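Notes follow once the structure below has been shown.
The values are calculated or read from the model by the stated rules, or taken from the named source; none is laboratory data. Note that the structure is predicted; figures quoted are calculated from it, not measured. FYI the Cβ positions are ideal-geometry reconstructions off the backbone, even for glycines, and counts take in every protein chain you see.
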Amino acid sequence: MNNLTIEDLYNGTATIQVKFQEKELDYDVEMFDNIAKVYGDRFVPDCKISNFGYNQWFRTNLGMSNSKKYSSIKTLKDAITKTAKSKGLTVEAFSFKDI
């Protein structure tokens, strides 16, 4: 786990969850490297933060972009924290797991 990279998250060999102070359940962070957007045939990266039990989800700004990937785990964590704050959520912790 010490050598975890952003590519591990994009290619599905590791996962990340985020715990918000305001929520009891953790949220899953889904990273996609090769998915087709609804309005085109290009394959682009995506990032979605969701909790099935709460039936809630949101995406980071870069996750909604058309072609950019996160360059590091730090930039991903910063983006999740910023987006969560705009939704009234406070990040308490991130947890990573190898698959």
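Of all the numbered requirements in (1) in contact with a strand residue (DSSP E or B) (Cβ under 9 Å, 6 or more places away or on another chain); (2) at pLDDT 80 or above; (3) among the small types (Gly, Ala, Ser), Ser72 misses one, and that requirement is (1). Checking each residue in region 1-52 for being modelled with pLDDT under 90 and among the small types (Gly, Ala, Ser) picks out Gly12, Ala36, Gly40. Test Asn55 against the stated conditions and say whether it is modelled with pLDDT of 90 or more and closer than 19 Å to Gly12 by Cα. In short, no.
Number of residues in region 46-89 that are part of a loop (DSSP other than H, G, I, E, B), in contact (Cβ under 8 Å) with a residue 40 or more places away in the chain and either aliphatic (A, V, I, L, M) or touching a Ser or Thr at 6+ places or on another chain (Cβ under 7 Å) (or both): the value is 1.
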